[in-house]
Amino acid sequence: MKLLSIVVPCYNEQEVLPLFYDKITEVMDGMKTEDSGLDYELVFINDGSRDATLEGLRKYAREDSRVRYISFSRNFGKEAGMYAGLEASKGDYIVVMDADLQHPPEFLPKMYAYVKSGEYDCATTRRVDREGESKIRSWFARKFYKIINRISQTEIVDGAQDFRFMTRQMVDAILSMKEYNRFSKGIFSWVGFRTKYIEIKNVERAAGTTAWSFWGLFKYSLEGIAAFSTAPLAIASLLGIVSCALAVIFALVTVIEKLCFGNDIHGYPTIVCLILLLGGLQLFTTGILGQYLAKTYLECKKRPIYLVQETENDLKKTESEN
Ligand code: UDP
Ligand code: MG
C-alpha cells in the first residue's frame, strides 16, 4: 500500500481549518476508493498560531488517526513549516499545500495521475491570472520574476505555487538542502527533477486573512534574490568601472577646455556633486555586501530551522497517562 503525506502549514487558520479538513478528507477518501492501493496521512504544522488552531488540530488528531501535527514553540514562518512537515512525512508521495483552500484539493487526483505515471517527479499548479490581487502587488510580482530570472541561474517560474505533489526522491533532495534562509520557490527548482505545471485560475482564500503584508512580500522577494543570485555583488565592480570611465572622460574634457578655450575651471559645484555621487555609490554597494554578509552570518550560526513544542504523540501520551 502506498502512502501519501499531505503537509499543511497553518498560521492562525482556526476559521478555515474545519473547511479544509472536510474537503481534504472527502477528496482523499474518493481517491482511495478509486485507487485502493493509496492511503494517506495529514501532517499539519501549527506555526505558532495565536488563535485556536492548535486546539482544532488536537481535536482532529484525537478523532482521526491519520491526522498528525507538529506545533512550533513560536512563529517560524511558512518556509520552516514546510521543512518540518517534509521532514516528518513518511509517505511515498508527498503533497505540500496551504490550509486556506487556495490550493484546491480537487486537483490532487490529477496531480497524482501525472506523478504515478512515472513521467513526472513533481506536479504543481501555476496561476495564470492574478485576479483579486491589487494592481501594485501584481506589478511588483511580475517585475520580481523578471529580475530574478535574469540574474539567477535557477529558474523561478512566474505564478508557480507552493502546491506540490512530489515523489519521496524529490523530497529527500529538498531535505538535503539544510540552509537557514529558505526560499522554496528557488529550492524546488534548484533540485531539478521533471515537473509538470498545471495551469489554474487564482482562487481566493476560503476564510480568514492572509499573513502576508506588502512589505513582508517585498522583503521575501529580496531574500529570494540574495538566496539564489550573487549578481548584486557584481554591481560594486560594475559601478566602479563606470565611475572610473566617467572620471577619465571628465578629466580629458577639463584639460581640453583649459588648453584650447582657456575656460576657467568650475571647482566647487563639481566637487560637491562628485563627493555626493561617489559617497552614495560606496554606501549602496557596502549595503549590498552587508546583506550577503548578514545571510552568511545567519547560516554559519547553524541555528535550527524550527523548534517543536508539541506533536500528536505528546498529546496521546499525556492523555493515556491521565
Ligand atoms: N503560513 C504559515 N506561517 C506563516 C504564514 C503563513 O504557516 O508565518 C501558512 C498559512 O497558514 C497558509 C499558508 O502558509 O496555510 C499560506 O499563507 P497565506 O494564505 O497567508 O499566504 P498567501 O496565500 O496570501 O500567499
Ligand atoms: Mg493563502
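The values are calculated or read from the model by the stated rules, or taken from the named source; none is laboratory data. Quick caveat: nothing in here was measured; it's all calculated off a predicted structure. For neighbour counting, all protein chains shown are included, and Cβ atoms are generated from backbone atoms with ideal geometry for every residue, glycine included. Note: accessible area is taken over every heavy atom of the protein model, side chains too, but ligands, DNA and RNA are not part of it. Shrake-Rupley method; radii C 1.70, N 1.55, O 1.52, S 1.80 Å.
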Residues that are small (Gly, Ala, Ser) and either within 15 Å of ligand 2 (Cβ to nearest atom) or within 14 Å of Phe72 (Cα to Cα) (or both), drawn from the range 1-51: Gly48, Ser49
Whichever residue in the range 182-201 is open to solvent by 40 Å² or more (accessible area, probe 1.4 Å) and more than 18 Å from Asn149 (Cβ to Cβ) and, among such residues, is nearest to ligand 2 (Cβ to nearest atom): Lys201
So Ser138, is it without any contact (Cβ under 8 Å) to a residue 40 or more places away in the chain, of a type outside the set (A, V, I, L, M) and within 16 Å of ligand 1 (Cβ to nearest atom): yes
Long-range neighbours under 7 Å by Cβ, at least six apart or interchain, first residue in a helix (DSSP H, G or I) and modelled with pLDDT of 95 or more within the range 61-83, second of a type in the set (A, V, I, L, M) and crowded, with 20+ Cβ neighbours inside 10 Å: Gly81/Ile45; Met82/Val7; Met82/Val96
Filter result (aliphatic (A, V, I, L, M) and either closer than 17 Å to Ser243 by Cβ or touching a strand residue (DSSP E or B) at 6+ places or on another chain (Cβ under 6 Å) (or both)) within the range 290-322: Val308
The range 1-47, residues that are polar (S, T, N, Q), over 19 Å from Val115 (Cα atoms) and either assigned to a loop (DSSP other than H, G, I, E, B) or open to solvent by 50 Å² or more (accessible area, probe 1.4 Å) (or both): Asn12, Gln14
Test: residue in the range 124-135 that is within 13 Å of ligand 1 (Cβ to nearest atom), open to solvent by 60 Å² or more (accessible area, probe 1.4 Å) and of a type in the set (Ser, Thr, Tyr): yes
